[in-house]
Amino acid sequence: MIGRLLSAIIFLMAVPAWIWFAGSYSVARDITVVVVTTIFFFALARRSKGDAGSHRSAIRAMLRPSIAFTWMLACWVAISTMDRIFVSPPVALNGNVTAPPSTRADLTNKRIAVALSGGGYRAALLHAGVVMQLNELGVPVTNIVSVSGGSILGGFLGAGGDPADFVKAVRDGRFRLMRELTSAYQLPRWVIPFTGYTRRDVQAALLRRTLLPENLDLDQGPEVMIAMTDLAHVMSVGWTRDGLMFAGPTTSRFYRWGDVLEANGFGDLADIVAVSGAFPGAFPTKPVSVTFSRLGLPLSDGADVVTMDLALSDGGVRDNLGLRLITEADAHQRGTAATAIDQEALQPGPEWAIDLIIVSDGGAAMSVGSDDMGLIDEVFRSIDIASLETGIIRPIDNSVGPPRRFLSLPGLIAPYPDSEIAIRLDPSKARQRYFFFQPEVFDDQTLKMIASLPPDSVLALAAVRDFQAGGSSPPIRDVDPLCTNVQGAINTNIDCAWWRLVTIVGSDVESAANVFRSSGTLRDDYSSAEVDALVRLGRYFVLLRWPWIEACLSAVESGASDTRQTCML
């Protein structure tokens, strides 16, 4: 009797446990469905007892394992059905990051690329902030190379999307991969073996419904290269609308679609983006067969035609920044690649001759881990570590390819364990907690942009006004009890205004960085406050490095001989 009661309770608790674990598109709707289903089952239980039925007997009936199990299945199917009925249309394509409202005149004919790293929705939100801030500063984004989570945003922007609309979609909770994986309509399809339907297909279906519907016109936005890894041949593979870029350990080649390259199995843009983020173990590989002429001749000639079966997976397995692919594309277009062939079918178009690459790194910013991680925690951390080691912290070769600027958390506040250890060994390095923000290096307009970002922007902007008012004495640069306890605008001393401004902005950067660090790569359930924090962090990436980015842009525009040196990290 007790065993049957426990079984019934487990079934009854399974539904709220599922909603908690998988996330919800609408908690109110889920609760309504559960309540209505429960009332229906309760009424059936009373009716089955006839005139002798009572509330107590109906409750006893509901506690029978068979009834509780049936109720659980009914709730699961009903909630999943409501998810399909009340689905919103795909996000509208209302933007074009290649033409910001106030494009800098000196950049109108330049190819400015952004490399969007992997890192799940955490990275995509950070990248959205970076692109939004670049556009606000008049910097057009003409090319995108994207990896894994960065490809979610990259594909959307390539189709003509506005990064602000993507941010709103995440804030509205429209991306619930775990919910989709465990819904009554999807779980049976990918769990049953030999159906050919996989967890990666569930992700593609979610992207297709939300951001990337079929038959998108990729002429509406920047040029996009979506990075994947071929596990069969140890290559990075870059998909573009014109062809494929292959970059192996030693060589690289480009093949144009059409006469010299055919592929079977890629699917639509949603499928390709899903493959770009299909980390091994979490998602299966995508089998794709490509046939091409190594000589760049028409396939119909049959001259040196090769067919390769690719096993495509997450682009971050080899390169979480996508830099190798876009650098090789630039080299092939310019004819400087080691394996370049002077034949149009084997060269990317002139749109891939890049003047500057701005790298936005949303890879994991690791903190010291726990000793008691469970299996799932270990898998997630392994994904984070893999993206870290193939991302910004690896040795960066800036001697070849287009000049580039790197925007990353370690480049901003160095939160990695080895940096933390270095600071602890030499406490003098931590005297200025917010060393990454020095107001005196910014012009007035940029400083106001920075001060407008924190939640308490009114106080920050007031501190900017006080700081800009000027003074003869130098600003206080260390923690001083005379300044750290000042409340708002009570003390207008210029020295304290400097410290107040640095504290407000620096603490917000640190707070946003903490949200970033605490967000796993596979997470999709961000609160509105967390979304705002990650987007702000992306904006801070640009603004806190703007004097150096602007110098780099000026060097690119002028064609200075030391452009690469100017743009070095």
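Residues that are open to solvent by 20 Å² or more (accessible area, probe 1.4 Å) and among the β-branched types (Val, Ile, Thr) within region 328-357 comprise 336, 339, 341, listed in sequence order. In region 52-62 there is at least one residue matching the filter, namely being of a type outside the set (Val, Ile, Thr), touching a helix residue (DSSP H, G or I) at 6+ places or on another chain (Cβ under 8 Å), open to solvent by 40 Å² or more (accessible area, probe 1.4 Å) and modelled with pLDDT under 85.
Scan region 197-209 and give yes if some residue there is assigned to a strand (DSSP E or B) and not polar (S, T, N, Q), otherwise no. No, that holds for no residue. Of all residues in region 73-97, those that are modelled with pLDDT of 90 or more and either more than 30 Å from residue 27 (Cα to Cα) or not in a loop (DSSP other than H, G, I, E, B) (or both) total 14.
For region 192-232, a residue qualifies if it is open to solvent by 20 Å² or more (accessible area, probe 1.4 Å) and closer than 15 Å to residue 319 by Cα, and exactly one does: 231.
The number of residues in region 458-483 that are assigned to a helix (DSSP H, G or I), open to solvent by less than 80 Å² (accessible area, probe 1.4 Å) and either at pLDDT below 80 or touching an Asp or Glu at 6+ places or on another chain (Cβ under 9 Å) (or both) comes to 5. A count restricted to region 297-318 and to residues that are in contact with a Leu (Cβ under 7 Å, 6 or more places away or on another chain) and open to solvent by less than 10 Å² (accessible area, probe 1.4 Å) stands at 1. Among the residues of region 233-249 satisfying the criterion of being closer than 25 Å to residue 140 by Cα and part of a strand (DSSP E or B), which is most open to solvent (accessible area, probe 1.4 Å)? So, considering only residues that are closer than 25 Å to residue 140 by Cα and part of a strand (DSSP E or B), the one most open to solvent (accessible area, probe 1.4 Å) is 239. Can you name the residue in region 153-194 that is part of a loop (DSSP other than H, G, I, E, B) and among the acidic types (Asp, Glu) and is also nearest to residue 94 (Cα to Cα) among such residues? The residue in question is 162.
Results for (1) closer than 24 Å to residue 462 by Cβ; (2) touching a residue at least 60 places away in the same chain (Cβ under 8 Å); (3) not hydroxyl-bearing (Ser, Thr, Tyr), shown as yes or no for each residue.
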residue	(1), (2), (3)
521	no, yes, no
525	no, yes, yes
528	no, yes, no
556	no, yes, yes
559	no, no, yes
564	no, yes, yes
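Within region 321-352, which residues are part of a loop (DSSP other than H, G, I, E, B) and either free of Cβ contacts under 8 Å to residues at least 24 places away in the same chain or more than 19 Å from residue 251 (Cα to Cα) (or both)? If the condition is that a residue be part of a loop (DSSP other than H, G, I, E, B) and either free of Cβ contacts under 8 Å to residues at least 24 places away in the same chain or more than 19 Å from residue 251 (Cα to Cα) (or both), then 335, 336, 340, 342, 349 are the ones that fit.
Starting from residues that are small (Gly, Ala, Ser) and assigned to a helix (DSSP H, G or I), keep the ones in region 514-552 and report whichever is modelled with the lowest pLDDT. Among those residues, the one meeting the criterion is 551.
Scan region 250-305 for residues that are assigned to a loop (DSSP other than H, G, I, E, B) and closer than 30 Å to residue 156 by Cβ and the total you get is 14. Within region 535-552, the residues that satisfy the criterion of being surrounded by 19 or more Cβ atoms within 10 Å (Cβ to Cβ) and either touching a Cys at 6+ places or on another chain (Cβ under 9 Å) or aromatic (Phe, Trp, Tyr) (or both) are 540, 541, 546, 549, 552.
Of all residues in region 236-265, those that are touching a residue at least 40 places away in the same chain (Cβ under 8 Å) have Cβ atoms under 7 Å from Cβ atoms of residues that are part of a loop (DSSP other than H, G, I, E, B) and basic (Lys, Arg), 6 or more apart or on another chain, in 236/318.
The values are calculated or read from the model by the stated rules, or taken from the named source; none is laboratory data. From a predicted model like this one, the values you see are computed outputs, not experimental measurements. Cβ: placed from backbone, ideal geometry, glycine included. Neighbour counts: every protein chain shown. These accessible areas exclude ligands, DNA and RNA; they are computed on the full protein's heavy atoms, side chains included. Shrake-Rupley method; radii C 1.70, N 1.55, O 1.52, S 1.80 Å.
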